[in-house]
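Engineer: Dumping the structure here so I can ask a few things about it.
The values are calculated or read from the model by the stated rules, or taken from the named source; none is laboratory data. Quick caveat, the model's predicted, so the values are computed rather than measured. Because the Cβ atoms are built from the backbone with ideal geometry, glycine has one as well, and the counts that use them run over all protein chains shown.
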Amino acid sequence: MDFVSFVDNPENSVDFVSFVDNPENSVDFVFFVDNPENSVDFVSFVDNPENSVDFVSFVDNPKTPWISCPSWTNYKPPWTIFFTVMRYLSGLTLIKMTGRKILLCALLWITFLCGASAQWKAYLSYYEPTEIEKAGDGTLYVLASGGIYSYNPSDQQIITYDKTTSLSDCGIAHIAWCQTAKRLVIVYNDYNIDLLSPNGNVVNLPAYMNTSMTDDKTINSIDVSGSYAYLATNFGIVQINVANAEFVNTYKLGFSVNYVYSDSQYLYAASADKGLYRGSLTDNLLDPNEWTRTGEYTARPKTMDPQLLDVVKTLSPGGPKSNFTGLIKLHNGKLYVSSALPSINEREGIIQVYDGQNWTFSEDWDSIKVKTGQRFSSLFDFEIDPKDDNHLYVGCQSGLYEFNNLKFTKLWNDTNSPLLVAATVPDGNKDYTITTATKFDGNGNLWVFNSISPSTSILELSNGSEWTSHHHQELMVSNISPARSFEQMTEPIFDSRNLMWFTNAFYRSPSLICYQISTDEVKVFKNLINEDGTTINTYDVSCVAEDKDNNIWIGTDQGPLMLAPDQITADNPVFTQVKVPRNDGTDYADYLLSGVNITCMVIDKANRKWFGTGGNGIYLIGSDNITQLQHFTTDNSPLISNTVNSMVLNESTGEMFIATDMGLCSYTSYIPSSQDEGMTKDNVYAYPNPVRPDYNGAITITGLTNDADVKITTSTGALVNQGRASNGQYRWYGLDSNGKRVASGIYMVLVATPEGDKGVVCKIAVIN
């Protein structure tokens, strides 16, 4: 079947298409136009290596408002999709399409491509200029805080460039303007190279980055001569023809080169280690012996032109002050960003606030240090007063800091509060009053966590001045001297039961902790045992969240774990390590994201799980806890780093803000509502489907509500199996009520909710 077209026909639908043992059957193009009833309920291709659905498009069809591309299960960059689409539009199938259909298809895909690129946005810093390059037309290209922007003096236009718009990478080390080629050479910290034209076009040269070599590939500077750019590296020189966008030569000199320059006869290599060398442009400079030492090294520090710098200092490209993004939170439409990672380090602290248009910043750390004598560094956590947007508390390495209108007002430490200096600091240095977490409760009380303390752990601050200790011996590290509380108590949340949950994100005692304020009881989950009775050996429990089914999820360095409500009070609690079937004809399954270091998580209103990781990007898992909807990495998306420190979702707009070790970015997508997530044909499905003759394992129906009544019938309505869903799933082994395997055919899955809603949610094909 080369082409299927349904035009202005409300009755057309495909309920079930099955090709069995037929190598010729294929669907190259399926196109539905102006057809409100069109739907594809089930498509099955069995034992047919040629069967495929190459393109499915639904236009002006409210039942299927999106494009379905069965072969694209994960996100692909829009440019990849574009070339794939063009291949189909330029193929033989095109001659079977009318002009109207071609136009509709093209418009649909143009809309899709534009939308895909607009899904991502970067919020990068441009506050610290390090290099300025002036183009022939007077345009200034400015490298600042590892990002780049241009300024045109004639119209005063400022344009920022980043990975979400045009660039291939992030974290820029050097730039240089090539007037002959009219291109800006951009070198990244990972040795990737871009050539940027004034019109915004970018040519990527990844060969140097991708080349494996034992030499140190560090690029120390870029020097331009004519149409050539010379990269001074720690092993020699790399020559690029900027006009032709190609590498020309690699001169391995055997020593580090700080900068390069040339004249009409010679190419010069200046090395702080070896001196000044030159080679004749008429010789074979690939041979190190053709290079001659001609003198001593003269330093040539790359300084910015003072006049250009004065111009740059007047510019406001926007963005935060720092790309070091740790914890991020949303409050009343404002985004709050901490500049330091939530760990013990010496990075200066700052709180940055974005209101959707402008950034404002807290008092700088030098000013605070003058007032307190303590370092405002290592920001672990912060909280915005629910009664006053301008009032916030910041927990950091040296105590609890209080701010009003982003101005420092007070420091709480061991001199004016129960907070204690870390037990591991023998001299009582107040720079180590480790305050790792803060959280307001529903009554306006601030809960404060004092980690590594000799005798405190949980503290309560009421009415802005009254302190109460809620210390528990269970929160002390056992069998260690000196005695201390858990090293990094963090990520507190209040669940639907008004229980406070937090974690100890430290390798010595990785734990999940539940604190019931009403009874002042603490329960520590140290032994993490899954449903198979296996102890999960984790070194980090980094985050905690509650889903829409009241399950508690934790992120660990071994993947995500779930604690069901009935296990919270169990004597020997069992954590669910969700099993994902392989669907390869066996009963085997793999644990969800097993071995992946989960650093943060967000559960949206559709009960989907967003997992940020320490090196693997972002995973989006469906409400069934099994289906991987997306896996964003730096390779397949504009995500600026695979190391994700924190995430927060604006559910009203669908924008997911992502804090990484390279800066802040966001991804905007449609977030299904709770109504969208009901038991419908759109989100309930069975697997494997179809069920092949050699498969004898469980057929799992997922996407169900808890305790939903499930009935499986023949197409004529005869009942073959029934039961109740558990944890959103129901399992059927393809047997009838007598325990015999059912005959080949289509079986209907009917469900009924406790509210009495009934209907067919999916169909299962059984082939014997």
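Engineer: Looking only at the stretch 419-466, filter to residues that are in contact with a helix residue (DSSP H, G or I) (Cβ under 6 Å, 6 or more places away or on another chain) and of a type in the set (Gly, Ala, Ser); which one of those is nearest to Phe494 (Cα to Cα)?
Structural biologist: Ser457
Engineer: Right, something else. Working only within the stretch 203-224, note down all residues that are closer than 14 Å to Gly236 by Cβ, of a type in the set (S, T, N, Q) and part of a strand (DSSP E or B). It would help to see each step written out before you state the result.
Structural biologist: As a first pass, look at the stretch 203-224 and keep what is closer than 14 Å to Gly236 by Cβ: 208, 211, 213-221, 223.
With the extra rule that they be of a type in the set (S, T, N, Q), the set shrinks to 211, 214, 218, 220-221.
Once the filter is applied, which keeps residues that are closer than 14 Å to Gly236 by Cβ, of a type in the set (S, T, N, Q) and part of a strand (DSSP E or B), the stretch 203-224 yields Asn220, Ser221.
Engineer: Does the stretch 345-359 contain any residue that is part of a loop (DSSP other than H, G, I, E, B), within 18 Å of Leu124 (Cβ to Cβ) and among the hydroxyl-bearing types (Ser, Thr, Tyr)? First the steps, then the outcome.
Structural biologist: Residues of the stretch 345-359 part of a loop (DSSP other than H, G, I, E, B): 345-347, 349-350, 355-358.
The next check asks that each one be within 18 Å of Leu124 (Cβ to Cβ); those that pass are 347, 350, 355-358.
Filter once more, so that each one left must be among the hydroxyl-bearing types (Ser, Thr, Tyr): none.
No, there is no match, as no residue in the stretch 345-359 is part of a loop (DSSP other than H, G, I, E, B), within 18 Å of Leu124 (Cβ to Cβ) and among the hydroxyl-bearing types (Ser, Thr, Tyr).
Engineer: With the structure loaded, tell me whether Val580 is in contact with a Cys (Cβ under 8 Å, 6 or more places away or on another chain) and either over 30 Å from Leu459 (Cβ atoms) or of a type in the set (A, V, I, L, M) (or both) or whether it fails that test.
Structural biologist: Numbers: in contact with a Cys (Cβ under 8 Å, 6 or more places away or on another chain): no; either over 30 Å from Leu459 (Cβ atoms) or of a type in the set (A, V, I, L, M) (or both): yes.
No: the conditions fail for Val580.
Engineer: Something else: Might you check whether a residue that is more than 29 Å from Pro206 (Cα to Cα), in a loop (DSSP other than H, G, I, E, B) and in the same structural domain as Asn192 (by TED's automatic domain parsing) occurs anywhere in the stretch 231-253? Spell out how you get there, then give the answer.
Structural biologist: So the first thing to find is which residues in the stretch 231-253 are more than 29 Å from Pro206 (Cα to Cα), and the list is none.
Looking for residues that are more than 29 Å from Pro206 (Cα to Cα), in a loop (DSSP other than H, G, I, E, B) and in the same structural domain as Asn192 (by TED's automatic domain parsing), one finds none in the stretch 231-253, hence no.
Engineer: Okay, moving on. Do you know which of the residues in the stretch 681-694 that are in contact with a strand residue (DSSP E or B) (Cβ under 8 Å, 6 or more places away or on another chain) and assigned to a loop (DSSP other than H, G, I, E, B) is surrounded by the most Cβ atoms within 10 Å (Cβ to Cβ)?
Structural biologist: Of all residues in the stretch 681-694, those in contact with a strand residue (DSSP E or B) (Cβ under 8 Å, 6 or more places away or on another chain) come to 681, 684-692.
Among the residues that remain, those that are also assigned to a loop (DSSP other than H, G, I, E, B) are: 681, 684, 688-690, 692.
Working: Lys681: 16, Val684: 23, Pro688: 18, Asn689: 18, Pro690: 19, Arg692: 14.
Across the stretch 681-694, the extreme among qualifying residues is Val684.
Engineer: Could I ask something else about it? So in the stretch 482-511, with the set limited to residues that are among the small types (Gly, Ala, Ser) and under 13 Å from Lys526 (Cβ atoms), which one is modelled with the highest pLDDT? Break it down into steps so the answer makes sense when it comes.
Structural biologist: In the first step, residues of the stretch 482-511 are kept if they are among the small types (Gly, Ala, Ser); the result is 483, 485, 496, 505, 509, 511.
Still in the running and under 13 Å from Lys526 (Cβ atoms): 509, 511.
On the way: Ser509: 90, Ser511: 96.
Top of the filtered list is Ser511.
Engineer: Quickly run through the stretch 433-456 and pick out the residues that are in contact with an Asp or Glu (Cβ under 9 Å, 6 or more places away or on another chain), assigned to a loop (DSSP other than H, G, I, E, B) and crowded, with 21+ Cβ neighbours inside 10 Å. Before you say what the answer is, go through the steps one by one.
Structural biologist: Of the residues in the stretch 433-456, the ones in contact with an Asp or Glu (Cβ under 9 Å, 6 or more places away or on another chain) are 433-441, 444-449, 451-452.
From what's left, assigned to a loop (DSSP other than H, G, I, E, B): 434, 441, 444-445, 451-452.
Within the stretch 433-456, Ile434, Ser451, Ile452 qualify.
Engineer: Just the residues that are under 18 Å from Arg724 (Cα atoms), free of Cβ contacts under 8 Å to residues at least 60 places away in the same chain and either touching a strand residue (DSSP E or B) at 6+ places or on another chain (Cβ under 6 Å) or part of a strand (DSSP E or B) (or both), please, taken from the stretch 735-750.
Structural biologist: Result: Leu735, Asp736, Tyr747, Met748, Leu750.
Engineer: Also, I was wondering about something else. What pairs come out if I take residues in the stretch 593-614 that are of a type in the set (Gly, Ala, Ser) and pair them with residues that are assigned to a loop (DSSP other than H, G, I, E, B) and at pLDDT 95 or above whose C-beta lies under 9 Å away, six or more apart or interchain?
Structural biologist: Pairs found: Ser594/Gln558; Ser594/Gln577; Gly595/Gln558; Gly614/Val596; Gly614/Asn597; Gly614/Asn642.
Engineer: Mind checking which residues of the stretch 396-432 are at pLDDT 95 or above, touching a strand residue (DSSP E or B) at 6+ places or on another chain (Cβ under 8 Å) and part of a strand (DSSP E or B)?
Structural biologist: Selection gives Gly399, Leu400, Tyr401, Glu402, Phe403, Asn404, Phe408, Thr409, Lys410, Leu411, Trp412.
Engineer: Looking at Tyr393 and the list (1) modelled with pLDDT of 95 or more; (2) more than 17 Å from Glu460 (Cα to Cα), which single condition is not satisfied?
Structural biologist: Exception for Tyr393: condition (2).
Engineer: Same structure again: Any chance the stretch 557-564 includes a residue that's charged (D, E, K, R), surrounded by 15 or more Cβ atoms within 10 Å (Cβ to Cβ), assigned to a loop (DSSP other than H, G, I, E, B) and under 26 Å from the mean Cα position of the chain (by Cα)?
Structural biologist: Step one: filter the stretch 557-564 for residues charged (D, E, K, R), giving 557.
Retained after the next criterion (residues that are surrounded by 15 or more Cβ atoms within 10 Å (Cβ to Cβ)): 557.
Imposing the further condition that a residue be assigned to a loop (DSSP other than H, G, I, E, B) reduces the set to none.
Checked the stretch 557-564: no residue is charged (D, E, K, R), surrounded by 15 or more Cβ atoms within 10 Å (Cβ to Cβ), assigned to a loop (DSSP other than H, G, I, E, B) and under 26 Å from the mean Cα position of the chain (by Cα).
Engineer: Does the stretch 518-532 include one or more residues that are within 25 Å of Leu459 (Cβ to Cβ), among the hydroxyl-bearing types (Ser, Thr, Tyr), assigned to a strand (DSSP E or B) and not assigned by TED's automatic domain parsing to the domain that holds Asn550?
Structural biologist: Here is the first cut: in the stretch 518-532, the ones within 25 Å of Leu459 (Cβ to Cβ) are 518-526.
Now narrow it down to the ones that are among the hydroxyl-bearing types (Ser, Thr, Tyr): 518-519.
From what's left, assigned to a strand (DSSP E or B): none.
Looking through the stretch 518-532, none of the residues is within 25 Å of Leu459 (Cβ to Cβ), among the hydroxyl-bearing types (Ser, Thr, Tyr), assigned to a strand (DSSP E or B) and not assigned by TED's automatic domain parsing to the domain that holds Asn550.
Engineer: Having 2 or more residues that are surrounded by fewer than 21 Cβ atoms within 10 Å (Cβ to Cβ), in contact (Cβ under 8 Å) with a residue 24 or more places away in the chain and assigned by TED's automatic domain parsing to the domain that holds Ser227 is the bar; report the strands (runs of 3 or more DSSP E) wholly within the stretch 139-202 that clear it.
Structural biologist: Numbers: elements: 140-144, 147-152, 157-161, 172-178, 183-188, 193-196.
Strands (runs of 3 or more DSSP E) meeting the threshold: 157-161, 172-178.
Engineer: Sticking with this structure for a sec: Residues Gly663, Gly703, Gly728, Gly697: which one is surrounded by 17 or more Cβ atoms within 10 Å (Cβ to Cβ) and modelled with pLDDT of 90 or more?
Structural biologist: Values: Gly703 fails: modelled with pLDDT of 90 or more; Gly728 fails: modelled with pLDDT of 90 or more; Gly697 fails: modelled with pLDDT of 90 or more.
Result: Gly663 is the single residue among Gly663, Gly703, Gly728, Gly697 that is surrounded by 17 or more Cβ atoms within 10 Å (Cβ to Cβ) and modelled with pLDDT of 90 or more.
Engineer: Here's something else I'd like to know. Taking the conditions exactly as written (free of Cβ contacts under 8 Å to residues at least 12 places away in the same chain and among the basic types (Lys, Arg)), does Lys410 satisfy them or not? If you could, list the steps in order and put the result at the bottom.
Structural biologist: Values: free of Cβ contacts under 8 Å to residues at least 12 places away in the same chain: yes; among the basic types (Lys, Arg): yes.
So Lys410 passes the test.
Engineer: Quick check, is Val370 touching a residue at least 24 places away in the same chain (Cβ under 8 Å) and β-branched (Val, Ile, Thr)?
Structural biologist: Values: touching a residue at least 24 places away in the same chain (Cβ under 8 Å): no; β-branched (Val, Ile, Thr): yes.
The answer is no for Val370.
Engineer: Given the criterion exposed (fewer than 14 other Cβ atoms within 10 Å of the Cβ) and touching a strand residue (DSSP E or B) at 6+ places or on another chain (Cβ under 8 Å), identify the matching residue among Ser478, Ser496. Explain how you work it out, then say what you get.
Structural biologist: On the way: Ser478 fails: touching a strand residue (DSSP E or B) at 6+ places or on another chain (Cβ under 8 Å).
When all the criteria are applied, what remains is Ser496.
Engineer: Just name the residue that is farthest from the chain's Cα centre (by Cα) out of those in the stretch 262-275 that are farther than 15 Å from Ser221 by Cβ and either hydrophobic (A, V, I, L, M, F, W, C) or part of a strand (DSSP E or B) (or both).
Structural biologist: This residue is Tyr266.
Engineer: Would you pick out the residues in the stretch 559-585 that are of a type in the set (Ser, Thr, Tyr) and either touching a strand residue (DSSP E or B) at 6+ places or on another chain (Cβ under 6 Å) or within 27 Å of Ile699 (Cβ to Cβ) (or both)?
Structural biologist: First, the residues of the stretch 559-585 that are of a type in the set (Ser, Thr, Tyr): 569, 576.
Correct list: Thr576 only.
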